[in-house]
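Working notes, beginning with the structure itself.
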Amino acid sequence: MENLVEAKALTKHFGTFEAVRGIDVEVRRGEAFGFLGPNGAGKSSTMRMISCVSGRTGGELRVLGMDPEVDGPRIRARLGVVPQLDNLDTELTVRQNLQIYGRYFGMSRARCREKAEELLEFAQLADRAEHEVEPLSGGMKRRLTIARSLVNEPELLLLDEPTTGLDPQARHLLWDRLFRLKQDGVTLIITTHYMDEAEQLCDRLVVMDGGRIAAEGSPGELIGRYSTREVLELRFPPGAEKPDLGRFAERVEVLPDRLLLYTGDGEQALAKVHEHGVQPVQSLVRRSSLEDVFLRLTGRTLVD
Amino acid sequence: METLRASWFGFERSWAWYRRNWRATAVSSFLTPVLFLLALGVGFGSQVRSTELIGGVPYLQYLAPALVVVTAVQGATFESTYPIMAQFMWQKSFIAMVSTPITPAQVLYSQVMWVGTQLTLRAVVFVGVAALLGAAAGPGILLAIPLAALAGLAFSAPLMAYSATLEKPDAFTNIFRFVLMPMTLFTGAFFPVSQLPDWLLPLVWLTPAWHGIELARGATFGTLDLLPALGHIAYLGVLVVVGVVLGVKFFHRRLAV
């Protein structure tokens, strides 16, 4: 299978700070690939190197089969980039934003007009075409940013924290648009610190922490490898001493306010805990998620 | 060729913005210089006796070509400070541009093109108004338009480079107060620099405004000799080139991280 991105021992330093400390990544054509990790894990620095904006400090990197150091503009011509912070031209109209961005790629004015029309539909912003961007909602701006990144019909779309700061409804609307792109064969690379987003969107992902890759696989594989089928969450009053329940689960994680019991059967474990006379304030049985994978790998939760 | 094309697309963005927002900038770019011409040229100038030192011409006509240059230098200062910082930090439009095939250097070129265009526009309007007010001594004042734009760019290019290094706009206030203000008042626009103390002259010679004013006034009254003219143009040209070279460096440092 053809790889659109290949990184070997890739590093990025800012002065003495090592943001990315030697990562190996391969992104295949047609897949949705994720970088999951907390803030400061090195996801954005990696994305900026892949988007051929920021040079690498060391290691190897090929994007679309080319070296970003040599062919930056040629690669960027075939990429779509959705930055973490919106950088739309807020004093121009929605339509102008799309058209002007198309011109940056050297497209003819007629082609830009045509493409803008199409993308207004895609972003569900056709009725706002002549409005200035500034007063639009966060979700609309985000959709416009994504639409804008598609103006050159990119083979590879890079999305850095695409739904951070959006309300649930806006997030789902956005995910729907991204699914559609995936269906159309666009390769996606997504960074996120939301595990549900990674689970929803990514075929394959790497968990990043402290500039390194902690694990790699599909969401299902990672959960299978690093967690149990179910998790029993027991909440205790703040400050209360938590009982030792190690014998009821394969593994127990102690969080400030909760105990997480990793087990194949959560209900059964809960029954045993009750039999034992332990009375938590609240109990919950759920499926394992990438959050649990991350906790297992790093000993920390994703969103602090 | 590719560079010119890419820079042109960046220029188009600025032009699209200007078409929507020019009214907001019209007062500072067109009205203010005209008010200066009316107050100091027509009003104050009526009380000023023409002397040998100012070439024996009416003060209004003496002032007009120099004010074209002052207008351009002032415009250059405004356009090369806050708008540049805004596009790095607040609007982030430069950040958006370098995600496309456009390079940081081409972003800078697009801005130099844009500022140059705006300065030329301002100078054209100003000369038009000056002609209507009888402040134009002759057709030579038309040459003041490109010369003023050159002097403006000679200040703009290094200033843009400097703006690209800043994280907050505080330094701009000092540039307006301690560089632009004296450069407006003491570089020969309102009175000949020979009236200044000798020790100050080397400082005056460093300013792009003085070279621009010498050129514009000399062209207007036909008193310009070839050699000094070439000298002034060369100095301004060097400032533009140095500014652009530094600008490329600092824009790259700021955008390619």
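Summary of values
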{"item": "Any chance A:Asp203 is modelled with pLDDT of 90 or more, of a type outside the set (Ser, Thr, Tyr), closer than 29 Å to A:Ser108 by Cα and under 13 Å from the mean Cα position of the chain (by Cα)", "result": "no"}
{"item": "Qualifying residue in the range A:75-86 (condition: assigned to a loop (DSSP other than H, G, I, E, B) and either more than 11 Å from every other protein chain (Cβ to nearest Cβ) or crowded, with 22+ Cβ neighbours inside 10 Å (or both))", "result": "yes"}
{"item": "Odd one out for B:Ser50, checked against (1) within 14 Å of chain A (Cβ to nearest Cβ); (2) hydroxyl-bearing (Ser, Thr, Tyr); (3) farther than 21 Å from B:Ala72 by Cβ", "result": "(1)"}
{"item": "Filter result for the condition that a residue is assigned to a strand (DSSP E or B) and either within 24 Å of A:Gly165 (Cβ to Cβ) or touching a residue at least 12 places away in the same chain (Cβ under 8 Å) (or both), over A:Asp89, A:Asp24", "result": "A:Asp24"}
{"item": "Residue ID - nearest to A:Gly139 (Cα to Cα), chosen from residues in the range A:169-196 that are at pLDDT 90 or above and among the acidic types (Asp, Glu)", "result": "A:Asp176"}
{"item": "Residue that is nearest to A:Leu174 (Cα to Cα), among those in the range A:95-141 that are outside any helix (DSSP H, G or I) and hydroxyl-bearing (Ser, Thr, Tyr)", "result": "A:Ser137"}
{"item": "Single residue of the range A:63-74 satisfying the filter (touching a helix residue (DSSP H, G or I) at 6+ places or on another chain (Cβ under 8 Å) and outside any helix (DSSP H, G or I)) that is farthest from A:Leu159 (Cα to Cα)", "result": "A:Met66"}
{"item": "Within the range A:121-135, tally of residues that are aliphatic (A, V, I, L, M), closer than 20 Å to A:Val81 by Cβ and more than 11 Å from every other protein chain (Cβ to nearest Cβ)", "result": "2"}
{"item": "Selected residue (criterion: surrounded by the fewest Cβ atoms within 10 Å (Cβ to Cβ)) from residues of the range A:87-110 that are polar (S, T, N, Q) and facing chain B (nearest Cβ under 7 Å)", "result": "A:Thr90"}
{"item": "Some residue of the range A:160-171 being surrounded by 15 or more Cβ atoms within 10 Å (Cβ to Cβ), under 21 Å from B:Ser99 (Cα atoms) and small (Gly, Ala, Ser)", "result": "no"}
{"item": "Residue identified as outside any helix (DSSP H, G or I) and hydroxyl-bearing (Ser, Thr, Tyr) among A:Thr145, A:Thr163", "result": "A:Thr163"}
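The values are calculated or read from the model by the stated rules, or taken from the named source; none is laboratory data. Worth saying up front: this structure is predicted, and the values here are computed from it rather than measured. Positions of Cβ are backbone-derived with ideal geometry, glycine not excepted, and every protein chain shown enters the neighbour counts.
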